[in-house]
1. Mind listing whichever residues of region 477-520 are free of Cβ contacts under 8 Å to residues at least 40 places away in the same chain, of a type in the set (V, I, T) and closer than 23 Å to W437 by Cα?
2. Residues that are under 30 Å from T681 (Cβ atoms): find the helices (runs of 4 or more DSSP H) completely inside region 505-615 holding 2 or more of those.
3. Are any residues in region 636-668 surrounded by 13 or more Cβ atoms within 10 Å (Cβ to Cβ) and over 29 Å from H99 (Cα atoms), and if so, which ones?
4. Is it the case that some residue within region 335-344 is touching a residue at least 24 places away in the same chain (Cβ under 8 Å), surrounded by 14 or more Cβ atoms within 10 Å (Cβ to Cβ) and not assigned by TED's automatic domain parsing to the domain that holds P124?
5. Please go through region 244-283 and give me each residue that is among the polar types (S, T, N, Q) and either part of a loop (DSSP other than H, G, I, E, B) or more than 13 Å from the chain's Cα centre (by Cα) (or both), ordered by number.
6. From the list A382, A400, exactly one residue is surrounded by 20 or more Cβ atoms within 10 Å (Cβ to Cβ), at pLDDT below 95 and either at negative phi or not in a strand (DSSP E or B) (or both). Which is it?
7. Sort through G96, G12, G60, G43 and tell me the only one that's assigned by TED's automatic domain parsing to the domain that holds Q286, farther than 24 Å from R205 by Cα and either within 31 Å of the chain's Cα centre (by Cα) or not charged (D, E, K, R) (or both).
8. Return yes or no: is D134 modelled with pLDDT under 95 and either in contact with a His (Cβ under 8 Å, 6 or more places away or on another chain) or closer than 30 Å to G256 by Cβ (or both)?
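The values are calculated or read from the model by the stated rules, or taken from the named source; none is laboratory data. Just so it is clear, the structure is predicted and the values come from calculations on it, not from any experiment. Neighbour counts run over all protein chains shown; Cβ positions are idealised from the backbone, glycine included.
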Amino acid sequence: MPATAIAPVITGLADELRALYDEARASMGEADLEHVRTVTAYGQAINARRLELLRTGGPGAASRAAVLEMLYRLLQFSELGHNILHGSYDDLPGSGEYHSDRYDWDFNVDVAQWKVMHHEGHHPYTNIVGKDHDLGYSVLRGQAAQDWFGHHAVQVALLGAVFPFLAQLAPFLVANITREVDGSRFWSRDTLRGPLRIALADTKRRLVTEPLSMGRRFLPAMVANHIGGVAGYAAVLFLVAIEHHAGEMEVFADPGPDETHDEYYRRQIRSTRNFLRSPQLDSVLQRILEEEVPFDDRPDFRIFYGGLDTHIEHHLFPDLPPNRQREVAPRVKEIVTRYGLPYHQTPLGETAALLFKTLTGLSIPVGERESGHPLMLLKRQAGLARRVTSGVRYRRLPDAPYLDKPRWYNVPVRVVATEQLAHGQALTIRLERPRGWDDVCWDPGAFVSLRIEHGDETLIRQYSLVHDSDDSDTMDICVKRVQGGRVSNLFNDALRVGDYLTLLGPPVSTGGLATPEVPARALFVAGGVGITPIISQLRRLARCGGPRDAVLLYFNHDNRILFEHEIAELGELEGITVHVFTGRRPTPDLIAGLVPDAADRETFACAPGGLVEFLRGYLADSGQESDRFHTESFAHPEIVRPADDGSRYVVTFARTRRAIEVDGATTLLEAANRVGIRVPTGCRSGLCRACVTTKLSGQTEGERAATAGERITVCDRLPRSNIVLDL
């Protein structure tokens with residue numbers, strides 16, 4: 001019986017766009033390779049005619065050679081190198097020199113640095129503040145959400161000053177953005193070796209060797225090459241800049257690892273612009289090409305804008321070649337507008353004035369809220385002074401006052417108060433709610449995850465909130481000293497009011513102890529710092545009033561007891577019984593004597609593992625149903641690794657185009673680290689979700705079948721097939 005093809009189920013924006021991409025990609029073949037070969041030959045013909053004009057001279061020869069030089073540089077970026085390096089032809093048989101790993105790009109950038117800057121930085125994180133370092137090319141301020149620094153006050157003048165040297169500066173610009181992405185140092189041999197070699201070689205060839213070969217036409221040739229080169233790189237930088245800057249282009253806070261495919265595509269669409277070509281400009285340039293460069297089967301003039309006038313399509317489908325982007329553009333526009341999203345298009349003639357207005361307007365430290373109304377800054381003189389002071393010192397303000405959108409991932413929060421507890425053995429820390437979090441709620445027993453940069457490590461720690469959101473306008477945690485603890489002791493010793501900490505995200509109310517309604521008849525058992533989620537629940541009970549019958553058993557090693565006075569006061573309330581122990585462990589007799597009906601109560605336990613397991617076993621033996629026992633632990637459970645049975649799996653990292661073969665006892669996080677991919681992580685048990693990543697294909701331990709598009713924690717997942725991750 002013949003197999004029947006099953007059409008994919010289309011359920012949303014991402015599905016529609018992926019289906020369109022798959023259709024376009026499936027139709028690619030030899031015709032696409034023939035197209036890029038023709039474009040390459042056309043570029044070679046342009047360059048050859050340029051040299052001929054310089055050599056023979058004549059009226060207008062130098063100026064026309066400069067125009068051809070500009071067009072050659074533009075073509076090398078647009079239809080050719082920029083798109084080829086995305087892997088547009090990698091999967092086609094016979095791709096040869098057009099494979100992204102083999103292509104010899106005649107453009108002033110270090111290819112390895114370009115791939116880091118562009119593929120690892122710009123495309124995945126388009127217009128995300130602090131992640132897309134292509135914003136303003138990490139030098140200019142082209143969006144009000146960007147931080148303001150001292151040189152931005154004169155950025156238009158600086159741009160004018162470096163304009164004559166754009167061809168030589170291009171590789172250093174890429175190197176500077178690259179070091180922001182991969183954390184390398186700019187002033188180092190490894191960073192500057194490539195750009196310096198490229199800039200010197202190009203300068204020598206275009207401004208010395210070629211002009212000298214022209215004999216007495218040395219000076220006109222050198223001037224033409226210089227002007228044409230500057231014009232070519234200026235055209236590229238200008239066209240790329242207008243794609244994501246100025247006007248209605250949106251800038252975003254970091255969405256973190258939980259950004260869905262739909263959200264990803266929406267961000268790309270809302271932050272990207274296509275420009276509408278200028279018929280007048282195109283006509284002039286096209287006429288020069290037709291008069292100067294004889295060529296059979298001349299390609300359409302749009303090749304000089306390849307991937308640029310279809311930049312929305314390019315960002316949705318980065319490895320689709322420009323000729324295919326042009327084909328799908330009408331359908332992309334239809335899909336985008338049907339979903340109520342803007343399909344940004346701006347006439348090329350309007351973009352220069354728009355970009356100039358933006359650069360001049362952003363030379364002062366206005367943010368998104370003041371954009372268009374700079375006098376608002378004068379009403380906030382303290383805030384203005386803070387921005388200027390930090391800007392001239394080149395220090396980023398942790399609260400990101402320039403971005404108006406709320407931040408939901410890696411959120412800086414200010415410490416507004418601290419208080420020592422337990423004779424200096426613990427510290428309560430009061431955290432200010434971030435801007436835009438007025439409607440954020442959390443239940444008693446909720447927790448937050450904090451990200452701490454400690455040397456070269458990124459550490460994630462979880463802390464229970466000691467109030468629910470109805471009881472406090474701030475987020476309060478309590479951190480107890482731990483012998484050898486890197487974070488707990490750092491907080492207790494060094495944290496001050498006014499400092500900033502980084503929240504991984506909003507409070508989490510889905511843990512084992514979080515509950516929207518605290519049962520009136522409950523047993524609470526805490527050990528040491530385990531009182532922190534329990535105190536939040538007891539506060540809710542005390543605040544709500546009404547009939548209640550709650551019991552707290554609180555065990556401590558010594559008399560350094562957290563919330564000692566408040567717990568004593570809670571114990572004086574009707575319906576709340578408190579028993580505090582020092583230097584004593586729970587026993588069956590102790591529990592039976594104090595809480596004879598313990599098995600009939602809803603139980604909440606937060607304590608060291610041994611105590612929790614004893615209590616769970618005792619209550620189970622006493623007849624308590626398992627779903628009435630609630631607990632949570634931030635300890636890191638050991639991953640159960642299987643014995644090596646000889647199985648080997650390839651883990652592929654789609655964004656960075658890296659792969660590694662591993663055995664079945666290697667976590668996906670360990671695989672990523674081995675190929676140099678740094679993934680944020682903390683608990684290494686799947687709890688904090690710092691390492692959440694999209695699994696594009698494959699099966700992991702515990703899954704019944706291979707799945708695609710699933711968000712997984714890579715720190716605790718072991719492969720059971722070849723895996724493709726969106727990293």
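1. Passing the criteria: only T510.
2. Details: elements: 531-544, 564-571, 588-594.
Result: 531-544.
3. Correct list: H636, P637, I639, R641, S647, D663, G664, A665, T666, T667.
4. Checked region 335-344: no residue is touching a residue at least 24 places away in the same chain (Cβ under 8 Å), surrounded by 14 or more Cβ atoms within 10 Å (Cβ to Cβ) and not assigned by TED's automatic domain parsing to the domain that holds P124.
5. T260, S271, T272, N274, S278, Q280, S283, listed by residue number.
6. A400
7. So the residue among G96, G12, G60, G43 that is assigned by TED's automatic domain parsing to the domain that holds Q286, farther than 24 Å from R205 by Cα and either within 31 Å of the chain's Cα centre (by Cα) or not charged (D, E, K, R) (or both) is G96.
8. Numbers: modelled with pLDDT under 95: yes; either in contact with a His (Cβ under 8 Å, 6 or more places away or on another chain) or closer than 30 Å to G256 by Cβ (or both): yes.
The answer is yes for D134.
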